[in-house]
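Working notes, structure below.
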Amino acid sequence: MVSPCSVKYDRILEETTKRKPPLKTDTYQTVPGQEDSGQFASDFRQYIREQARTALRAIVEEEVRELCGGYYQPENGASCRRAGSAPSHVRIGGAREAMSRPRVRSRGSNGGVEVALKSWKLAKDPQEWEQAMMRAILCGVSTRKVKALRESEVKGESSSQLSRLWQRKAAELVIEVQQSDLTGIDLLVLMLDAVVLSGGLVATVALAIDREGQKHILGFRVGSSENEEVCRDLLEGLSQRGLKAPADRSLLAVLDGSKALRKALLRLYPNVILQRCLVHKERNIRGYLPWKHWKSLAALFKSLRRSQGADAAKEAAEAIEAFLRDKNAQARDSFEEAGEELLALFRLNVPNTLHLSLLSTNCIENVFKNLRRHIGRVCRWREETRQADLWLASGLILAAKGFRKIQGHNEIQELIRALEYHHSNAK
């Protein structure tokens, strides 16, 4: 709903602009690069601010007139009277501006009581300032350095006040991430992965991809490690918030190889199709090999990712196994450990343009990359507080603002048909 004061502001601003002669710009007819072009921009911004102040004064004066009548012409029967003015400030264009506040008192014995002006309250609304400060903090500015952004906006605000603002606003973001309704998400692909915050704090995060190819942060849980209890608690919480596996098709899940995630997922979704992350598997195998074999291993995994269909993928996987056979026994065992989960997506015979997004947990790893940049200033994690929840929720929401559809989303209907076919044959 549009505030009446806002409508009145627009109308009076238009009238005052018409009455006041336009800013003389003849002196500032410059071409880009001339020295006075910056001065012209500064003068123009000052002109706009003056117009805003003029309009605001007119709005406040109109409200005072409605309550008390005109100057030296008090309205008979008016319930209020003018009572001078007091120094105060308002926010214009996000900046703090000094301005006298008209005082109005009710009529009655003992001089009456002070009457708050609605238009003045609107002009002092701190919501715009709070949003600006939250944007700064989310982008990595320390509460101690926020003042350096625009001193006029935060005059009188200490770092402690900014910190309390951050905690209050971040708590709202925790609710947004952890308690939002998930019934509207048509779940197609589920990704689970964990990020280490400190030696005793690990956050497990769930991400969904819907049938349009859009990504959604579903929620997170913080524990001492990536264990089955934490993962099960996360998944059960998502289910309670309305996230359901589709009834007419199978669900595809992409995991990094964590046994805890696998057990928790199979407990809740026993018929899920599990695809092992090829990036994690290649990284794990590389740890067993000397660096001179890394280039050959990367070429073999690249060939596997580009394979089209189950037969070509099986042939590429056999080439990797043959390569590892005489290199390192542990590396070969690590590759064989993944078993059928390594080629799950290939067996669905979807276009390989989807492989870049669905053969790894890169969708969620990219979130972690942005998250680490956000939480990089945290020097000490306090496990006994909600600190981790506050930073994770704000960082995940900040990362989600840059979400785009997955690569290959134009072929996602092929994946839907493949999952429907798999579901019908699994009965």
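Within 10 Å of each residue's Cβ, count the other Cβ atoms and sort 220, 403 from fewest upward.
Numbers: 220 24, 403 15.
Final ranking by Cβ density, sparse to dense: 403, 220.
So how much slack lies between residue 426 and residue 403, counting 0.36 nm per residue of separation and subtracting their Cα-Cα distance, in nm? Walk me through the numbers on the way to the answer.
Values: separation 23, 0.36 × 23 = 8.28 nm, distance 3.35 nm.
So the chain would gain 4.9 nm between residue 426 and residue 403.
Which order do the peptides 338-348, 173-183, 289-299 take when ranked by the mean count of other beta-carbon atoms within 10 Å per residue, highest first?
338-348, 173-183, 289-299
Would you calculate the separation in nanometres between label points at residue 336 and residue 100, each defined as 7 Å from the Cα along the Cα-to-beta-carbon direction?
Between residue 336 and residue 100, the simple spin-label model gives 9.1 nm.
Test of understanding: ordering 288, 421, 72 by Cβ neighbours within 10 Å, fewest first, what list do you get? It would help to have the intermediate numbers written out before the result.
On the way: 288 17, 421 14, 72 6.
Ordered by Cβ neighbours within 10 Å, fewest first: 72, 421, 288.
Given a Förster radius of 56 Å and the C-beta distance between residue 279 and residue 71 as r, what FRET efficiency does 1/(1 + (r/R0)^6) yield to the nearest 0.05? Walk me through the intermediate numbers first.
Working: r = 75 Å, r/R0 = 1.33.
It comes out at approximately 0.15.
Could you sort the peptides 364-371, 185-192, 301-308 by per-residue average Cβ neighbour count (10 Å cutoff), highest mean leading? If you can, show how the numbers build up before the last one.
Working: 364-371: 18.8, 185-192: 21.9, 301-308: 17.0.
Highest-to-lowest ranking by the protection proxy: 185-192, 364-371, 301-308.
Ranked from highest to lowest mean number of other Cβ atoms within 10 Å per residue, what is the order of the peptides 194-203, 274-283?
On the way: 194-203: 17.2, 274-283: 20.7.
Ranked from most to least packed, the peptides come out as 274-283, 194-203.
With respect to the cross-link table entries 259/401; 295/369; 281/327; 281/302; 295/327, which display a Cα-Cα separation exceeding 19 Å?
Numbers: 259/401 31 Å; 295/369 25 Å; 281/327 16 Å; 281/302 13 Å; 295/327 14 Å.
Over 19 Å apart, Cα to Cα: 259/401; 295/369.
Subtract the Cα-Cα distance of residue 271 and residue 417 from 0.36 nm times their separation in residues, and report this length gain in nm to one decimal.
50.9 nm
Please compute the modelled spin-label separation between residue 53 and residue 121, points set 7 Å along Cα→Cβ, answer in nm with one decimal.
For the pair residue 121/residue 53, the computed spacing is 2.6 nm.
Gain in length, residue 294 to residue 233, computed as 0.36 nm per residue apart minus the alpha-carbon separation, to one decimal in nm? Don't skip to the answer; put the middle values down first.
Values: separation 61, 0.36 × 61 = 21.96 nm, distance 3.82 nm.
In short, 18.1 nm is gained.
Assigning unit charges at the beta carbon (Lys, Arg +1; Asp, Glu -1) and nothing else, what dipole magnitude in debye, to the nearest 20, does region 165-228 show about its Cα centre? Before the final figure, lay out the partial values.
Values: 5 positive and 9 negative charges, 51 e Å.
Around 240 debye, computed over region 165-228.
Output wanted: per-residue J couplings in Hz (rounded whole) for region 282-289, from phi through Karplus 6.51 cos²θ - 1.76 cosθ + 1.60, θ = phi - 60°, x for Gly and Pro.
Values per residue, Gly and Pro as x: 4, 4, 5, 5, 4, x, 8, 10 Hz.
Please list, in order along region 253-259, the HN-Hα scalar couplings obtained from phi with the Karplus expression 6.51 cos²θ - 1.76 cosθ + 1.60 (θ = phi - 60°), rounded to whole Hz, x for Gly and Pro.
Per residue, the Karplus-derived 3J(HN,Hα) values read 10, 10, 10, 8, x, 5, 5 Hz.
None of the figures in this text is laboratory data; all of them are computed from the coordinates on show. Because the structure is predicted, anything quoted here is derived from the model rather than measured. So basically every Cβ, Gly included, is an ideal-geometry build from the backbone, and we count neighbours across all protein chains shown.
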